[in-house]
Amino acid sequence: MEIEPEPEREHSRESVQHADSLQAEQIQPGEQTLSWRFPKDPVETVRKAPVNFSPRQPVNTNRVAVRCGESRVQVEVSQDLLGRGRLIKPEEITLGGCSATEVDNLAHVLAFESELHGCGSTLVMRENSFIYAFALVYNPKVSSRSPIVRSQSAVIGVECHYPR
């Protein structure tokens, strides 16, 4: 009695042989070169500036003025602090936590005055000098009508230097 191989095994052998022949075809080196290449880098054209072009120079606006006295500091701040034509409110700016001592509504200037040791100042002693440092802090308030803040907070360093 002769046993015939099961068709499934025979089919398996054929699959393996077919896979081997495909693999052998894929491995053949140098028969076929790749036609794909990396794309070339884009070349941007150089744009020339307009004939009458001149770069804008920074403008010195003097929005903060400081007077250092023997024992006091006076700071004047333009209410157009950021130079955008929008006046800041006196309650939105402090000198080291101290409010403005005067508000000039005609000139749109806020004035701060403090003892050198007041308004959150810090004293730095150097070899040849004393430095009293203050922080002028602008913190815009959110309008009750709109949750949009129209400006960023800003901190401006103010220093008084004295020889030792």
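The values are calculated or read from the model by the stated rules, or taken from the named source; none is laboratory data. Everything quoted here is computed from the prediction, not taken from an experiment. Here Cβ is always computed from backbone atoms with ideal geometry, including for glycine, and neighbour counts include all displayed protein chains. Just so you know, the surface numbers come from the protein's heavy atoms only, side chains and all, with ligands and any DNA or RNA stripped out. Shrake-Rupley method; radii C 1.70, N 1.55, O 1.52, S 1.80 Å.
Brief remarks follow.
- Of the listed requirements (1) touching a helix residue (DSSP H, G or I) at 6+ places or on another chain (Cβ under 8 Å); (2) at pLDDT 95 or above, N139 misses just one: (2).
- Of the strands (runs of 3 or more DSSP E) lying entirely inside region 63-155, those containing at least 1 residues that are in contact (Cβ under 8 Å) with a residue 40 or more places away in the chain, of a type in the set (G, A, S) and open to solvent by less than 30 Å² (accessible area, probe 1.4 Å) span 109-115.
- Residue list for region 39-71, restricted to those being modelled with pLDDT of 70 or more and touching a Gly at 6+ places or on another chain (Cβ under 9 Å): R63
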